[in-house]
Amino acid sequence: MIVVSDSTPLITLMKAARLGILARLFGEVLIPEAVFSELTANASFWDEAEQIRNSSFIQVVRAKDDERVAFLQRATGLDRGESEAIVFADETKADLLLMDEVAGRRVAKNMNLPLTGSVGVLIRAHQIGLLTAQEAEEAFQSIRSANRHISERLIQNALDIIRGGTVV
C-alpha cells in the first residue's frame, strides 16, 4: 500500500500522541522532501522534528516532475509541501493521500486522489481495533487542546461515529 502524507496530519497526530498509529495502519508512510523540511526545519520544534527523523516507518521521497510541482503551486497557491505530496501521490498512483488543509484537499479531490486526514486516520484506527473509544476520544481532546485547525463540527462528527460505531 502506498500512503503519502502532507505535514499537517503528521503534526496533528503528534499533538495527539498518536503518530505511531500510522505505522500500525499502513506500515510505511512516504513524505516528500518539502514536507520533511517543513517538519524538521524549525528549531523551536526540535522534539517534534526528532520524532519525524526517528520514525522508521516514515520515508522521505522525491517527486519526479519538479516542473509540475512548481506549476501546481503557482496555479493553486498551495505551499511546496502540499504540492509535492499531491504530485507524488498522483505519480505513484498512491492508495491514499493524508492531507488536512481544505485547499489541498480540494485540489486532491479534483484530481480524484484517494484522500483522508488525521480525523479519518483516528476513526479508522478505532474501527479496526487499534484504539479504544476512550483512546480515540483522548486523541481528539488533545487535538482540541493543541488548537489544531480542525473544525469542532468535524471533531464532534468523528466522536459520534466512534461512540456509535458507524462505519465511515
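Only the coordinates and a few stated rules stand behind these numbers; no lab work does. Nothing here was measured: the structure is a model prediction, and the numbers come from that model. Glycine also receives a Cβ, built like all others from the backbone with ideal geometry; neighbour counts cover every protein chain displayed.
The figures follow:
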item: Normalised contact order of the chain, rounded percent, pairs of Cα under 8 Å and 6 or more residues apart; result: 26
item: Contour minus Cα-Cα distance for Ala41 and Glu91 (0.36 nm per residue); result: 15.4 nm
item: Gaussian network model of the chain, springs between alpha carbon atoms under 10 Å - residue of Arg124, Arg153, Arg68 with greatest fluctuation; result: Arg153
item: Computed P(r) (all Cα pairs; the chain; 10 Å bins; percent); result: 10, 40, 37, 12, 1
item: Gain on full stretching of the segment that runs from Ala146 to Ala103 - 0.36 nm per residue minus C-alpha separation; result: 13.3 nm
item: Cα coordinate range in the stretch 119-164, projected on the principal axes (Å, largest first); result: 27, 16, 15
item: Cβ-derived FRET efficiency at R0 35 Å, Asn157 paired with Ala23, nearest 0.05; result: 0.85
item: Estimated [θ] at 222 nm from DSSP helical runs (n ≥ 4, -39500 (n - 2.57)) normalised by residues in the chain, nearest 500; result: -17000 deg cm²/dmol
item: Separation of the Ala70 and Asn54 label points, Cα + 7 Å toward Cβ, nm; result: 3.8
